[in-house]
Amino acid sequence: MGLGSSWGGVIDVLGEIIPVYDRVNAAISLGSAESNRVRALSGRVGRGDNVLDAGSGFGNMSATARKLCGGEITLTLHDALLPMLRATEGRLGVAPSRTCGVFEHLPFQDSKFDVVMCGYSLRDAISLRVAVSEIHRVLCDGGRLIIVDLGKPDCALVRAGVSFYLRAVLPIIALAAGGRRGLKFGALYGTYKKWLRNSELEALLLSKFSRVEFDTGLGGGAIMVAAYK
């Protein structure tokens, strides 16, 4: 489970699309990305929480969490791409701690965070099982893992519809929003093929966490998940 040997290629593509990343993401999510973040984080991140944004990208999950909590959270951003981390400079209205690395080797002590957030990023783990285990380790008792990502519906017909959108429609939207760089977003379909079905992801989380709240949108093509340690 996870990208395995294809991880390096995906990271290379992510590095190339940094200049158009936010613009294209907003377009290909059909305008739902921010509302999905709000839906996932509301009531699950609170004032005073120590929060890790894992696979932080430009810090969009962090920005939403800060807004919901009036800025009263402690933030750490963790991403595999240094240029992504550098691009967060000045975007959050605060100077968070930043670390560079992968999900599978989080450079933090046990039970450090109240919340770990993964916004459209956990799908890019090298080993999903190891990544989930590492996230569980750095969460304190009662801590929450919050995931916002593409969903892979269990219904074969709906899953085929989502796959068609990602394979055939998304490249057109990405080209319109981001020009030739936008075409690189076609790599997203490759990560989706390796992604777990919604029920499989829920089962994996339940193997480590005590409780999982699994919400979906777009017929299961979008997921908002909270797993409680």
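FYI, it's all coordinate maths here, none of it is from the lab. Predicted model, so just to flag it, every value in this text is computed and none were measured. As a convention, Cβ positions derive from the backbone with ideal geometry for all residues, glycine included, and neighbour counts pool all protein chains shown.
Taking a cut-off of 12 Å between Cα atoms, list the aspartates and glutamates near K208, but don't count ones fewer than 8 places away on the same chain.
The reachable aspartates and glutamates, counting only those whose Cα sits under 12 Å from K208, are E134.
Among V148, V38, V24, V94, which comes first, then next, by fewest other beta-carbon atoms within 10 Å? Numbers along the way, then the final one.
Details: V148 29, V38 15, V24 25, V94 12.
Going from sparsest to densest Cβ surroundings: V94, V38, V24, V148.
What order do you get for 112-125, 131-144 when each peptide is scored by the mean count of other beta carbon atoms within 10 Å, highest first? Each step should come with its number before you reach the end.
On the way: 112-125: 24.0, 131-144: 19.1.
Packing proxy ranking, top to bottom: 112-125, 131-144.
Taking 27 Å as the cut-off for C-alpha to C-alpha distance, list the pairs among K152/K184; K112/K194; K152/K229; K67/K184 that go past it.
On the way: K152/K184 21 Å; K112/K194 30 Å; K152/K229 24 Å; K67/K184 31 Å.
K112/K194; K67/K184, as the Cα separations exceed 27 Å there.
Amide H neighbours of V116 under 5 Å, at least 5 residues apart or on other chains, H built in the peptide plane: list them.
L52, R144, L145, I146
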